[in-house]
């Protein structure tokens, strides 16, 4: 009998370490492959056949000091064995290049990492995002690497000592804006989190990217709430307009629709809002908060755009579905009215820099310009996603007055 | 039984037995076979109930199986067994410091044995030792008669034997190869203290026994659904693991001769 694989087991007893050599060796064999175990232990002559019986391998006998085992077929792991990788500078992007994502994934493989051989017969998992083109755009691992490198620290990286004292009306406006931002970022924390548990681990880089997004949102909530309470103020008002708008975000069940409405339209609009806050911030700390949070948000918008663009390129019917998703949301929000008034007034005063009437008039102009800038930028993003000018105009117009 | 539901008897040796048979019942239903089960607290009652025809078939230990065959004069119908029921063996395990080099050395030593109704931990190892020329009466038996009526299903008495060997209350002991192998594979046997001395010839273990008058259609339907269970199917695998097998096998009778001989010899029918 010619063995496919041979191991030297010395005088190891079965219950004293022999199996730590035998079991891994059998894992290297296909069913039917022959393992030779050279052993000088007398007890193994009795124990190895019993173990083979229980494990459904065929014990073929003992000859020339070698036990011969034919690997059984039950429970043999599926897939080719990974071996020989030498990643140069291990990044998520390099891992995806080395071990590409499959077109579709099998929910039976559970949390097994991509590339692992999977023993059959495991339970089915409730993952339902099983198609690469609907889950993982090509840039996702690169975006994850960037996100990890760009994490910052609210305590260390904001010049808190520059906040200073402001006119109470201006400070109050800052506090209201921070309240609004924190409330919206809460939704941006909760909405993606609902999808992570549905993503098949074959596309783990998307779950990893979303987890950086969650960490970003957590940091944003923290920094906005700290700013509101750091200079003698406190939180402002939460409007029903905002509440209704954010609830409608939470109700999307489709990952691509949610990514489109939250990240492309909502967070995209927030980029302009945060630029406005940075530009009109009454102190360097507030400006830095807006600048840093905007950097993070632009990564989320980038991922959202990549996701939607990639999905659209593989499924043209998606244009209509995304448009319908925006229309549906607009229909439920049709009685909501304009920008929440506490926010509108605060942005006006922030841009005015004082309550002096001529300054307020300038602030009001700035606010109107902001709305126009938001609309124009949304159309540009929709154009980049691949929508026609008409579709883009319509969807931008239907976008919530709550910005997110 | 007058209705078309197959009524199966099983002994509730552990709470998991309910999980096993409810799961198998669901699988049978999916296969279009109506099956229900009755649980017994011991094999003696299950055998009597089967012989009276109150159940169609019983999931029997080897001891219950040969008793059913004897009582029905060989007319009972064997329907299937586990892969693990084939070529079962018993082991004589000894302490390395007991100076036992050959089977004859067991005489005069403390020999731990399992329950008196356990085929693998008592009846057959003692039978084979006698055949090998050991005067078992000269060994001091340390008997663990736990879970009587369960015919060794719980494995408790075998674990007791291994414990007695490890802590020195016994110098030798008898266990089935399944428990011996699983305990070794799980790292719960100290190879510095104990090792195997002797392995018995193979014998077969549990069997589904149908009443001689059982409906043949029911028997065929039972086998068809049973053999459709597959290790690779998640729902099946869970049940198969609980029941201790990887594959259901066709019945065979040649593996019970040694048990019949042992029962006659030990006057334990």
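The values are calculated or read from the model by the stated rules, or taken from the named source; none is laboratory data. Please read all numbers here as calculations on a predicted model, not as lab measurements. Every residue, glycine as well, gets a Cβ built from its backbone with ideal geometry; the counts of neighbours run over all protein chains shown.
Against the numbered list (1) free of Cβ contacts under 8 Å to residues at least 12 places away in the same chain; (2) more than 16 Å from the chain's Cα centre (by Cα); (3) in a helix (DSSP H, G or I); (4) within 14 Å of another protein chain (Cβ to nearest Cβ), residue B:232 comes up short only at (3). Every condition in (1) farther than 21 Å from residue B:90 by Cβ; (2) at the interface with another protein chain (Cβ under 10 Å from one of its Cβ atoms) is met by residue A:39 except one, and the failing one is (2). Residue A:216 fails exactly one of the following numbered conditions: (1) surrounded by fewer than 21 Cβ atoms within 10 Å (Cβ to Cβ); (2) closer than 30 Å to residue A:314 by Cβ. What is the number of that condition? Only one criterion is unmet by residue A:216, namely (1). Strands (runs of 3 or more DSSP E) fully within segment B:125-223 that include at least 2 residues being within 14 Å of chain A (Cβ to nearest Cβ): B:172-176, B:194-199.
The residues of segment B:74-109 that are loosely packed, with under 15 Cβ neighbours inside 10 Å and in the same structural domain as residue B:252 (by TED's automatic domain parsing), listed by number, are B:74, B:75. Within the span defined as segment A:96-105, every residue fails to be touching a helix residue (DSSP H, G or I) at 6+ places or on another chain (Cβ under 6 Å), in a helix (DSSP H, G or I), at pLDDT 90 or above and assigned by TED's automatic domain parsing to the domain that holds residue A:304. Criterion applied to A:86, A:53 was being over 25 Å from residue B:237 (Cβ atoms) and either part of a loop (DSSP other than H, G, I, E, B) or out of contact with any strand residue (DSSP E or B) (no Cβ under 6 Å at 6 or more places or on another chain) (or both), and the one residue passing it is A:86.
With respect to residue A:29, determine if the residue is in a loop (DSSP other than H, G, I, E, B) and either touching a residue at least 60 places away in the same chain (Cβ under 8 Å) or touching a helix residue (DSSP H, G or I) at 6+ places or on another chain (Cβ under 8 Å) (or both). For residue A:29, the condition - in a loop (DSSP other than H, G, I, E, B) and either touching a residue at least 60 places away in the same chain (Cβ under 8 Å) or touching a helix residue (DSSP H, G or I) at 6+ places or on another chain (Cβ under 8 Å) (or both) - is not met.
For segment B:244-269, which positions are within 14 Å of chain A (Cβ to nearest Cβ) and either assigned to a helix (DSSP H, G or I) or farther than 24 Å from residue A:107 by Cα (or both)? Result: B:244, B:245, B:247, B:248, B:249, B:255.
Here residue A:105 meets each of (1) within 14 Å of chain B (Cβ to nearest Cβ); (2) in contact (Cβ under 8 Å) with a residue 60 or more places away in the chain with one exception, condition (1). For the condition assigned to a loop (DSSP other than H, G, I, E, B) and crowded, with 21+ Cβ neighbours inside 10 Å, residue A:126 does not qualify.
When the criteria are applied in full, residue A:116 fails the requirement of being more than 14 Å from chain B (Cβ to nearest Cβ) and not in a loop (DSSP other than H, G, I, E, B). Just one of the listed residues (A:19, A:48, A:74) is within 11 Å of chain B (Cβ to nearest Cβ), under 29 Å from residue B:232 (Cβ atoms) and over 45 Å from the mean Cα position of the chain (by Cα), namely A:48.
The rows are residues; the columns are (1) over 13 Å from residue A:225 (Cβ atoms); (2) assigned to a helix (DSSP H, G or I).
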residue	(1), (2)
A:147	yes, yes
A:161	yes, yes
A:166	yes, no
A:169	yes, yes
A:173	yes, yes
A:179	no, yes
A:186	no, yes
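Screening residue A:155 on (1) surrounded by 15 or more Cβ atoms within 10 Å (Cβ to Cβ); (2) at pLDDT 95 or above shows it passes everything except condition (1). Scanning segment A:59-71 for residues that are surrounded by fewer than 15 Cβ atoms within 10 Å (Cβ to Cβ) and either more than 17 Å from residue A:4 (Cβ to Cβ) or free of Cβ contacts under 8 Å to residues at least 40 places away in the same chain (or both), we see that the one that is nearest to the other protein chains (Cβ to nearest Cβ) is A:61.
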